[in-house]
Amino acid sequence: LIRAMLRPDDRLACCELHPDDMFELRRRFARDKQVAVHGRDAWESLGALLPPKERRGLVLIDPPFEDQQEYTHLVTGLVTGYARFRTGVFAAWYPIKHRAPVRGFVTALQQTGIRDIVAAELCLREPLDPDRLSGCGLVVVNPPFGFERDAASILAALLERLGRGERGAGTAVMRLANE
């Protein structure tokens with residue numbers, strides 16, 4: 001999807017550590033001069049590949065959330081990336097299984113001093129079971145103009161199509177830090 005949105009002068013750098021996924025990305029983009037696939041840890045890449053020469057760009061972070069420290073890694077990664085690329089738009093996905101880890105993540109993010117942060121969340125059920133994915137969120141640093149309005153309408157449409165009327169289902173768009 002991101003590749004389809006690139007303009008002729010845009011570049012895409014994909015960082016993937018998992019060998020099978022890296023191989024698939026390299027196969028898919030083998031002849032594409034606008035796409036570079038890096039077989040490296042994405043957390044390390046935030047310090048190594050930023051800022052881009054264009055001084056503008058989107059950094060999409062899709063952590064695996066395979067260990068208990070992933071929210072901490074995400075906060076640290078956003079701090080690292082923002083310190084190197086203050087004009088960049090950073091968008092990071094996070095799961096919602098239980099509210100306590102998400103609240104801790106939001107609080108930690110608010111304490112970083114990063115400005116202009118918005119979170120958009122979709123829950124298909126009440127997030128009460130730490131072993132069950134109940135929803136997901138996207139935190140955006142330096143969101144584009146109109147993001148909050150557009151995110152609210154997109155989330156409402158997703159809830160209408162994906163929701164089953166379960167208790168606790170809903171959406172939220174929250175400003176975590178002002179500009």
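The values are calculated or read from the model by the stated rules, or taken from the named source; none is laboratory data. Not measured: the values here are computed from a predicted model. All Cβ positions, glycine included, derive from the backbone under ideal geometry; neighbour counts span all protein chains shown. Heavy atoms of the whole protein, side chains included, go into the accessibility calculation; ligands, DNA and RNA do not. Shrake-Rupley method; radii C 1.70, N 1.55, O 1.52, S 1.80 Å.
Look at [x] 56, 39, 33; [y] 58, 50, 27; [z] 48, 35, 32: the one that is Cα extents along the principal axes in Å derived from this structure is [z].
Highest-first packing order for the peptide set 88-100, 142-154 is 88-100, 142-154, based on the mean count of other beta carbon atoms within 10 Å.
Spin-label model, ALA172 to ASP116: label points 7 Å out along the Cα-to-beta-carbon direction sit 2.4 nm apart. Extension gain for ARG103 to ALA36 (0.36 nm times residue separation, less C-alpha to C-alpha distance): 20.6 nm.
Give the calculated FRET efficiency between ASP9 and ALA83 to the nearest 0.05, with a Förster radius of 22 Å applied to their Cβ-Cβ distance. If you can, show how the numbers build up before the last one.
Working: r = 26 Å, r/R0 = 1.19.
Computed FRET efficiency for ASP9 and ALA83 comes out at 0.25.
For the chain, the longest principal axis of the Cα atoms and the long axis of helix 99-110 meet at an angle of about 50 degrees.
Amide H to amide H distances under 5 Å link VAL59 with VAL89, PHE90, ALA91, where only residues 5 or more positions off or on other chains count and H is placed in the peptide plane.
Each residue of the stretch 11-19 was assigned a 3J(HN,Hα) from its phi angle through the Karplus curve 6.51 cos²θ - 1.76 cosθ + 1.60 (θ = phi - 60°); the sequence is 10, 10, 10, 9, 10, 9, 8, 5, x Hz, with glycine and proline shown as x.
Computed extension length for PHE145-GLN68: 24.4 nm, one decimal, from 0.36 nm per residue of separation with the Cα-Cα distance subtracted.
Were the residues from LEU58 through ASP20 laid out at 0.36 nm apart, the gain over their Cα-Cα distance would be 11.2 nm. Rounded to the nearest 20, the size of the Cβ-charge dipole of the stretch 46-119 about its Cα centre is 340 debye, with Lys and Arg at +1 and Asp and Glu at -1.
Solvent-accessible area of the stretch 55-163 (1.4 angstrom probe, protein heavy atoms only): carbon and sulfur portion equals 55 percent. Assuming charge only on the beta carbon of Lys and Arg (+1) and of Asp and Glu (-1), the dipole of the chain about its Cα centre is about 520 debye to the nearest 20.
Can you work out the accessible area per residue across the stretch 1-122, with the rest of the protein chains kept in place, probe 1.4 Å, in square angstrom?
On the way: 7610 Å² over 122 residues.
Ligands and nucleic acids excluded, the figure is 62 Å² per residue.
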